[in-house]
Amino acid sequence: MNGYFDGIAPLKFDPNSSELAFRHYDPDEIVLGKRMEDHLRFAVAYWHSFAWEGGDPFGGRTFDRPWFSDSMEAAKAKADAAFQLFEILNAPYFCWHDADIRPEGATFAESRKNFEAIIDLFEEKMATSRTKLLWGTANMFSHRRFMSGASTNPDPDVYAWSAATVKLCLDATHRLGGENYVLWGGREGYETLLNTDMGQELDHMGRFLSMVVDYKHKIGFKGQILVEPKPQEPSKHQYDYDVATVYGFLKRFGLENEVKMNIEQGHAILAGHSFEHELALARELGILGSIDMNRNDYQSGWDTDQFPNNVPEVALAYYEILKAGGFTQGGTNFDAKIRRQSLDPVDLVAAHAGGMDTCARGLKAAAKMLEDGVLEDMRKERYSGWQTPEAQSMLGADLVTVAARVEAEGINPQPRSGRQEILENIVNRYV
Ligand code: XUL
Ligand code: CO
């Protein structure tokens, strides 16, 4: 059988190679006592790498993949190509939506049969491949039935359809030994408040997520349930806006110990945050689960999903992840696509190789910053006043007691430098 990537040899770690190779990503290199591969836990995203056709708002398909048709035969050819790429990249993980891997049928039952046949094929391929499933998810945003949302759709039939879809995808994720299950609420939001009952939609979304968590326990799925925040696009406003918003939502429905976050670089930027902000907040709230690694174009203002190549940004992201103790079941999923002019198989391979190298450089820089401890020492020093017994006792005292200290002890605060430029200069030594 001819493979789509024939002629491209499996990539090796070779810092001096003039060929396609990893120059920084050495899976076996030990970083902070752990293999680099086990830190980064890279995953290839099925949708961008195999289902995306190269369209943009002004034009359609530019890619010419042999599996671009709506048949089971094409879906199998796509799976063959996917597993060939996983092997070339030595990828430890991959991720999928139901709609990426199977053709849509005329009925739910037909789609389910198509899906299950591909899951059978995955199971067969995974028996001899080293590539495991990082997460599965349901695409409940592309088909027109989901145009007004999935669990938040005003039509109860769509709520039922969405439940059937998530059940199917969670069952398959469990069967393939997936380590997480992701819910990204692409159209869980609104286009106009004029036709939207926000209170009812939020209640339905909370109920839906609670059902998913209950079902996870019922089938004994040990993976993490992850919500992926994004502020807008495709919906004008999405309910899963950012980490802070989702945390409030989880608290309201009593799910904060059941659900964690899958945080995406580009979504953080769209929400007006930095990636490291979202990661640090999730860590502090105890809900950091996994990441979607990509980068956004800073000019175009939409979700461009490019492969990462900015080492300083990636280093600050992994710094926050390492501070959280690193990934347990989560990983680094390349929710990233090549540009529409990048037509060839080699472009797909090079994009992943470059992304993996960028992450490796970021991880190594982050580990060194943490190991040297200069940043953490300076941070600690900034808060050192809180170590005195007088300061600590204020945290258990009432307002009158704390207020009385000021005049009784002649307190008169003296401002101190925040040392931002010095800290930024220190980061620059590592990246
Ligand atoms: C969309 C996005 C999705 C989720 C999975 O912006 O990031 O691909 O990662 O549905
Ligand atoms: Co994503």
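The values are calculated or read from the model by the stated rules, or taken from the named source; none is laboratory data. Quick caveat, the model's predicted, so the values are computed rather than measured. Backbone-built Cβ (ideal geometry, glycine too); neighbour counts: all protein chains shown. Ligands, DNA and RNA are stripped out before the accessible areas are found, and what is left, the full protein with its side chains, is counted by its heavy atoms. Shrake-Rupley method; radii C 1.70, N 1.55, O 1.52, S 1.80 Å.
For segment 283-322, which GluC sites (Glu not before Pro) are both in a DSSP coil and crowded by at most 16 other Cβ atoms within 10 Å?
Sites meeting the loop and neighbour criteria: none at all.
Under a straight-distance cross-link criterion of Cα-Cα below 19 Å, which lysines are reachable from Lys230, leaving out those fewer than 8 residues away in the same chain?
Lys251, Lys260, Lys337
Step through the residues of segment 316-325 one at a time and calculate ³J(HN,Hα) from phi using the Karplus curve (6.51 cos²θ - 1.76 cosθ + 1.60, θ = phi - 60°), rounding each to whole Hz and writing x for Gly and Pro.
My calculation for segment 316-325 gives 5, 5, 5, 4, 5, 5, 5, 5, 7, x Hz in order.
For Ile30, Ile225, write out the residues from largest to smallest accessible area, computed with a 1.4 angstrom probe and no ligands counted.
Ile30, Ile225
Normalised by the number of residues in the chain, what is the relative contact order in percent for Cα pairs under 8 Å and 6+ residues apart?
15
Compute the distance from the alpha-carbon center of segment 155-192 to that of segment 196-243, in whole Å.
9
Can you compute the modelled spin-label distance between Arg419 and Met147, with each label point 7 Å from Cα toward Cβ, in nm?
Going from the Arg419 label point to the Met147 one covers 5.8 nm.
So if I take the centroid of the Cα atoms in segment 291-335 and the same for segment 23-70, what is the distance between those two points in Å?
Spelled out, the Cα-based centre of one part sits 13 Å from the other.
Place a point 7 Å from the Cα of Glu19 along the Cα-to-Cβ direction; which residues of segment 25-62 have their backbone N under 20 Å from it?
25-28
Using a 1.4 Å probe over the heavy atoms of the protein chains, calculate the carbon and sulfur portion of the accessible area of the chain as a whole percent.
About 51 percent, which is the carbon plus sulfur part of the accessible surface.
Accessible area per residue, 1.4 Å probe, Å², for segment 1-107: what's the number? Mind showing how you got there, number by number?
Numbers: 4960 Å² over 107 residues.
That works out to 46 Å² for each residue.
So if each residue of separation counts as 0.36 nm, and I subtract the Cα-Cα distance between Glu73 and Val374, what length gain in nm does that give?
Full extension of this stretch gives 102.7 nm more.
Per residue, how large is the accessible surface of segment 202-348? Use a 1.4 angstrom probe and give square angstrom. Please report the intermediate quantities before stating the final value.
Working: 5580 Å² over 147 residues.
For segment 202-348, the solvent-accessible area averages 38 Å² per residue.
Highest GNM mean-square fluctuation, the chain, Cα pairs closer than 10 Å: which of Ala99, Ala268, Ala403?
Sorting by GNM fluctuation, first place goes to Ala403.
Compute the distance in nm between two label points, each set 7 Å from the Cα along the Cα-to-Cβ direction, one at Tyr383 and one at Ala163.
Going by the 7 Å Cα→Cβ label model, 4.4 nm.
Between Thr192, Thr328, Thr388, where does the largest GNM mean-square fluctuation fall for the chain, given springs only between Cα atoms within less than 10 Å?
Ranking Thr192, Thr328, Thr388 by mean-square fluctuation puts Thr388 first.
Note the full-extension length gain between Asp120 and Ala403 as 0.36 nm times their separation in residues minus their Cα-Cα distance, in nm to one decimal.
95.1 nm
Where does each of 170-182, 67-79 land if you order them by average Cβ count within 10 Å, highest first?
With the highest mean Cβ count within 10 Å placed first, the list reads 170-182, 67-79.
What residues qualify as long-range amide H neighbours of Lys337, i.e. H under 5 Å apart, gap of 5 or more or another chain, H built at 1.01 Å from N?
Gln306, Phe307
Hey, what's segment 116-201 come to in accessible area per residue, 1.4 Å probe, Å²?
45
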